[in-house]
Amino acid sequence: MIRLAAFLVALVAALAPALPAAAQTRALTVEEEFLLQEISDHNTAIRSMAGRFVQIDSQGGQVEGTFFLKRPNFVRFRYAPPSREEIISQGRGFYVIDRQERTQYAYAQDHVPLRQFLGDEVSLINSNLSDVVTSETHVAVMITDDSPIGTVQVSLIFDRETLDLVQWSLIEPSGIETTFSIQETEKNVEIPDNYFYIDPTYRSVDAPQ
C-alpha cells in the first residue's frame, strides 16, 4: 500500500497551517514577510487547480498520479495504475478510497494540515515557521507541525518568479523523507463537483496505524 498517511500530511501543499504567529520558531525579516505575504496572496487567489504529481520516497521509489483542487474544501488525488487508491475531501474529512476493494477510511479534517490550504485563505506568515531560505529562482519555507503520525518537518518550495508551489518534502518522526512535485498544473479551471464524489456503497474500514 502507498504511504497515504505521509501523503496526506505532506500535502500541506501551499500551505501552512493557520497557527498563531506567536508559534513561529524563526523571526522573519521585513523582506521575508513581504515575500511570504505575496506567495500567500497569490495562492489564495487560485480558486481551482488540476495537474499531475510525482511522489518519491527515501528508497527512491516513485509513484505518480493526478490531482484536482477546488476551494473551499474540495480535493482529489488519484494514484496512477497499478494503484487503485485515491484521496478525496469534501470538507468533512479526508477519505482514502480503494476502488478495487471498494473500501474507504477517513482522517478527521482538523487532523490534516492540508485543510488550511483548502480554505478560502492561505497564510504562510501565520504558520509554525522554522526557517525561510531564498535564492534567485526559488523560495523554501520550512514548517514544523503536528499531524496524525506525530511532529513532522515540511519543506515547501515555491518558484520565485511565478510564486507557485512546485515541490514539498516531508520528514516524518521516524526520519523517513518523502518528496512530492507537481507538474503540468492548470489554475482556475472548471472542475465539476462530481469529481469529488464518494461512493456511499464502499465499505468502511479502520485507518492503518
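Any read-out appearing in this document is the output of simple, stated calculations on the displayed coordinates, not a laboratory observation. Just so it is clear, the structure is predicted and the values come from calculations on it, not from any experiment. Heads up, the Cβs are rebuilt from the backbone with ideal geometry, glycines too, and the neighbour counts pull from every protein chain shown.
Ordered by packing density, taken as the mean number of other Cβ atoms within 10 Å over each peptide's residues, highest first, how do 183-193, 95-105 rank?
Working: 183-193: 11.7, 95-105: 16.4.
Going from most to least packed, we get 95-105, 183-193.
Counting other beta carbons within 10 Å of each residue's own, what order do Arg52, Arg203 fall into, fewest first?
Working: Arg52 14, Arg203 10.
Placing the least packed residue first, the sequence is Arg203, Arg52.
Hey, fewest Cβ within 10 Å first, where do Thr201, Thr162 land in order?
Details: Thr201 6, Thr162 10.
Fewest-to-most ranking of Thr201, Thr162: Thr201, Thr162.
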